[in-house]
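A short worksheet on the structure shown next.
The values are calculated or read from the model by the stated rules, or taken from the named source; none is laboratory data. Note that the structure is a prediction, hence the values are computed from the model and not measured. Cβ atoms come from the backbone with ideal geometry, glycine included; neighbour counts cover every protein chain shown.
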Amino acid sequence: MKPLRFACIVGARPNFMKMAPLLRALDSYENVEAVLVHTGQHYDKNLSDVFFEQLEMRRPDVTLEVGSGSHAVQTARVLERFEAVLVEAAEAGRPFDRLVVVGDVNSTMATTLAAAKLHVPVAHVEAGLRSFDRTMPEEINRIVTDAIADLLLVSEPDGMENLRREGHPEEHLRLVGNVMIDTLRFMLPKARQCDTLAQVGVEPGQYGVVTLHRPANVDSPDTLGPLLDVLADVSERLPIVFPIHPRTQERIKRFGLAKKLGAARNVILTDPLGYLEFLALTSQAKVIVTDSGGLQEESTVLGIPCLTARPNTERPITVEQGTSTLVSNDASMLRSLLDDVLGGRYKQGTCPELWDGRAAERIAQALVEGS
């Protein structure tokens, strides 16, 4: 078999958890060179550097350092800088056989566009996920990436059906499972050794975890205020640990809500946490309230109730089969479901098929066979 050269892209925090196990799987092939390209879309140490350390992930071979900016500016920088990487590789007589992208961030779409213009085939890990909400930038990134990619590596059956409905040929589709769960299963024993709970001051199974950052939840005081009221009230019965996103923290200050939150003695605010510390926290919680995509998946595998503060999800299997329930930003519904959790009335979920910690092996095999 001829040697293969893949350009593997990471750019933002969720990408690292998906790429780490895939790199390990690809590195086990003697005839594969996996070149790790970090676009630098997330450049803060807590959002980038610490993940390489904690995920036991090798450092990038190429760093584009695009930094922050509007969606257009960030996408343009990635396009320009990654195109130069592809051209340089081709001119040096070492062209890439395939681009491998994960997830749905701006770097995913932009590098896909650059590769397509230069006739480099694209594989998309986590293809086919759809929220059917085009106000979400991630949805646009998913649709564009899938439209261009010729190898669509899908985490759940709904994704397969979405791609078929969009007209993708069957030979482009592979149901491989959820690579994010590979990292969860790989890192969980190490995470459980962290002293995060002791530092925060909570006991296993006796607290909730909250993460909120999406504009629909935090950009209006009329929405954010009632959500914080619910958390403050519930914290009288169950301590709430709230690793607070910089965007959310700024909005709380701007809207004059900091005093209200500070008065809730059992709402424990922390800075954003590293992956291991955060996993230590979420994996031992009684309930999770989040607007994150990845936490819907992780909570389903962990069997922990997840109240998802979104009106829709690109991961419907976590609702249909798992432990997630969509509550949008409805404070009354959130309060009611938290009562159900505390009263032992919340539903039980099951772990989806192929979320078994071996998705990266199946993805690597599909990449090698399809390139």
Quiz prompt | Test for Gln296: is it over 28 Å from Pro226 (Cβ atoms), without any contact (Cβ under 8 Å) to a residue 40 or more places away in the chain and not assigned by TED's automatic domain parsing to the domain that holds Met136 | solution = no
Quiz prompt | Scope segment 198-246; condition loosely packed, with under 15 Cβ neighbours inside 10 Å, free of Cβ contacts under 8 Å to residues at least 40 places away in the same chain and within 14 Å of Thr270 (Cα to Cα); matching residues | solution = Ala198, Gln199, Pro246
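Of all residues in segment 56-114 being assigned to a helix (DSSP H, G or I) and among the hydroxyl-bearing types (Ser, Thr, Tyr), which is surrounded by the fewest Cβ atoms within 10 Å (Cβ to Cβ)? Give the steps one after another, and end with the answer.
Of all residues in segment 56-114, those assigned to a helix (DSSP H, G or I) come to 71-91, 106-114.
Checking the rest, the ones that are also among the hydroxyl-bearing types (Ser, Thr, Tyr) come to 75, 107-108, 111-112.
Working: Thr75: 21, Ser107: 30, Thr108: 30, Thr111: 30, Thr112: 27.
By that ranking, first place goes to Thr75.
Being touching a residue at least 60 places away in the same chain (Cβ under 8 Å) and either more than 25 Å from Val176 (Cα to Cα) or in the same structural domain as Arg24 (by TED's automatic domain parsing) (or both), is that true of even one residue in segment 60-70?
Of the residues in segment 60-70, the ones touching a residue at least 60 places away in the same chain (Cβ under 8 Å) are none.
No, every residue in segment 60-70 fails to be touching a residue at least 60 places away in the same chain (Cβ under 8 Å) and either more than 25 Å from Val176 (Cα to Cα) or in the same structural domain as Arg24 (by TED's automatic domain parsing) (or both).
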Quiz item: of a type in the set (Lys, Arg), at negative phi and free of Cβ contacts under 8 Å to residues at least 24 places away in the same chain, is that true of Arg192?
Solution: no
Self-check item: Only listed residue being touching a Ser or Thr at 6+ places or on another chain (Cβ under 6 Å), β-branched (Val, Ile, Thr) and more than 29 Å from Gln54 (Cα to Cα), chosen from Ile148, Ile140
Solution: Ile148
Quiz item: Do we find a residue being of a type in the set (Asp, Glu), surrounded by 23 or more Cβ atoms within 10 Å (Cβ to Cβ) and in contact (Cβ under 8 Å) with a residue 40 or more places away in the chain anywhere in segment 307-325?
Solution: yes
Quiz prompt | Residue match in segment 166-177 (condition: buried (at least 19 other Cβ atoms within 10 Å of the Cβ), of a type outside the set (S, T, N, Q) and assigned to a helix (DSSP H, G or I)) | solution = no
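Those residues that are part of a helix (DSSP H, G or I) and closer than 15 Å to Ala123 by Cα, I need them from segment 143-158; list them, please. Outline the logic, then answer.
We begin by selecting, within segment 143-158, every residue part of a helix (DSSP H, G or I); these are 143-148, 157-158.
Across segment 143-158, the qualifying residues are Ile143, Val144, Thr145, Asp146, Ala147, Ile148.
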Exercise. Can you run down the residue pairs with Cβ atoms below 6 Å, 6 or more apart or on separate chains, where the first is in segment 339-362 and of a type outside the set (Asp, Glu) and the partner is surrounded by fewer than 17 Cβ atoms within 10 Å (Cβ to Cβ) and part of a helix (DSSP H, G or I)?
Key: Tyr346/Asp340; Gly357/Arg185
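Tell me, which strands (runs of 3 or more DSSP E) wholly within segment 256-361 include 2 or more residues that are β-branched (Val, Ile, Thr) and at pLDDT 95 or above? Even if it seems obvious, please write down each step before you answer.
On the way: elements: 267-270, 287-290, 306-308, 324-326.
Result: 267-270, 287-290.
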Exercise. Please identify the pairs in which a residue from segment 130-156 that is not assigned by TED's automatic domain parsing to the domain that holds Ser107 has its Cβ atom under 6 Å from the Cβ atom of a residue that is part of a loop (DSSP other than H, G, I, E, B) and among the aromatic types (Phe, Trp, Tyr), counting only partners at least 6 apart or on another chain.
Key: none
Quiz item: Counting only residues that are surrounded by fewer than 19 Cβ atoms within 10 Å (Cβ to Cβ) and of a type in the set (Ser, Thr, Tyr), how many does segment 247-298 have?
Solution: 1
